[in-house]
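Trainee: Encoded as structure tokens, here's the structure I'll be asking about.
Taken together, the values in this text are just the output of simple stated rules run on the coordinates, not laboratory data. What you see is a predicted model, and the numbers here were worked out from it, not measured in a lab. A quick note on method: Cβ atoms are made from the backbone with ideal geometry, for glycine too, and the neighbour counts reach across all protein chains shown.
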Amino acid sequence: QTLMVVDSVIVLVGLVAFGDWTIPLYSWIAIYVTGKVIDGVMEGVSYEKTLFIISDKYEEISQKILFDLNRGGTLLEAKGMYNKAEKKVIFVNVSRREVVILQEYIRELDPDAFITVMDATEILGKGFKSLHEKEF
């Protein structure tokens, strides 16, 4: 990521110096693609996602995860920083396809839900890669 920042600064200097935006635009695209390829080679391509879901309808969402997606998860206790309200947070790991299914379900069930979706670099455990398969 540092490499991408340094490269971007160099491209920005080139933009200011020469005033032509086309070459810097293509350069930024190339820098982005190169960065993604390097990340994929170094860390492996991640197809799994981690979701944090905050919703007053956490029970219904939990049922969807358990029975329709056939996944487990963790229910966390949380307190809002702004209003100090007690909330439940669902922590779950799913495939990219299951993210879409879950997001559509939550959008219909609770449009006010808060969902954070992150790439999971590696998930070890039941339903994913076994700890026995992991080479350390």
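Trainee: Using 7 Å Cα-to-Cβ label points, what is the residue 81/residue 112 separation (nm, one decimal)?
Mentor: With each label placed 7 Å out from Cα toward Cβ, I get 2.1 nm.
Trainee: While we're looking at this one, here's another question. Translational diffusion coefficient, Stokes-Einstein: compute it for the chain using the Kirkwood radius over C-alpha pairs as Rh, at 10 °C and 1.306 mPa s, and state it as an integer in µm² s⁻¹.
Mentor: 88
Trainee: Moving on to the next point. Per DSSP H run of n ≥ 4, the term is -39500 (n - 2.57); total these for the chain, divide by its residue number, and report the mean residue ellipticity at 222 nm rounded to 500 deg cm²/dmol. Write down the numbers at each step before the final one.
Mentor: Values: 4 runs with 59 residues, N = 136.
Value at 222 nm, helices only, nearest 500: -14000 deg cm²/dmol.
Trainee: Scattering from the C-alpha atoms of segment 2-43 alone, worked out with Debye: what is log10 I(q)/I(0) at q = 0.19, 0.29, 0.32 1/Å?
Mentor: -0.55, -0.95, -1.06
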